[in-house]
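Right, one structure below, let's go through it.
The values are calculated or read from the model by the stated rules, or taken from the named source; none is laboratory data. For clarity, every value in this text was computed on a predicted model and none was experimentally measured. Backbone-built Cβ (ideal geometry, glycine too); neighbour counts: all protein chains shown.
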Amino acid sequence: MPELKRLHAEHAPAVLAFELANRTYFASSVSDRGDDFFDRFADRYSALLDEQESGVCAFYVLVAEDGSVLGRFNLYDLEDGTARLGYRVAERVTGRGVATATIRELCWMAAATHGLRTLRAAAAHDNAASGKVLTRAGFVPVGPADPADLGGAPGTWYRRDLLL
């Protein structure tokens, strides 16, 4: 059974493998991270852990029984009881409810562990699957997203109020 875990240093090799294995798949619906992301992965990963340690963000990975990463689920800009949600799941588990179930679990954790009351997430219009996942996970559309928030693509902001 996959487990949602807080990002730690020992996850680095599995996270890199996840990003590399799914790079083409991700680039079909979101901006490609670029070669520099992979060339400087160790530095960027360390910076993420530092950012998490400071309490500004909280990063999670969905880990399969074999230790591989099935998804990344991130809470950004934790402030005044709110945060932004970002996520990506491996192509091999799409369409199985993995993203929806994990986001629901993360919503509970966001309230219980981080004291958050509201999460926001943006989905590009050309990534309809992401909007469906957010809706199934209890988010509601609240207005247009600035294309700058979505790598230049038009989209919609979604919001979910959290309850314990």
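Observations
- If the condition is being within 21 Å of Ser31 (Cβ to Cβ) and either outside any helix (DSSP H, G or I) or touching a Leu at 6+ places or on another chain (Cβ under 6 Å) (or both), then segment 85-119 contributes Leu85, Gly86, Tyr87, Arg88, Val89, Ala90, Thr94.
- Extreme residue, nearest to the chain's Cα centre (by Cα), among residues of segment 6-26 that are aliphatic (A, V, I, L, M) and assigned to a helix (DSSP H, G or I): Val15
- Single residue of segment 27-55 satisfying the filter (among the aliphatic types (A, V, I, L, M) and in a helix (DSSP H, G or I)) that is farthest from Asp149 (Cα to Cα): Ala42
- Listed conditions (1) over 30 Å from Glu3 (Cβ atoms); (2) in contact with a Phe, Trp or Tyr (Cβ under 8 Å, 6 or more places away or on another chain) are all met by Asp146, apart from (2).
- Scanning segment 45-78 for residues that are touching a helix residue (DSSP H, G or I) at 6+ places or on another chain (Cβ under 6 Å), among the aromatic types (Phe, Trp, Tyr) and in contact (Cβ under 8 Å) with a residue 40 or more places away in the chain returns Phe59, Phe73.
- Selection count where residues are assigned to a strand (DSSP E or B) and buried (at least 18 other Cβ atoms within 10 Å of the Cβ), scope segment 121-143: 4
- Residue in segment 31-47 that is hydrophobic (A, V, I, L, M, F, W, C), within 14 Å of the chain's Cα centre (by Cα) and buried (at least 16 other Cβ atoms within 10 Å of the Cβ) present: no
- Candidate set from segment 89-118 (those that are surrounded by 18 or more Cβ atoms within 10 Å (Cβ to Cβ) and free of Cβ contacts under 8 Å to residues at least 40 places away in the same chain); member that is nearest to Asp77 (Cα to Cα): Ile103
- Residue check, Asp39 of a type in the set (Asp, Glu) and modelled with pLDDT under 95: yes
- For segment 60-84, a residue qualifies if it is among the polar types (S, T, N, Q) and in a strand (DSSP E or B), and the qualifying residues are Asn74, Thr82.
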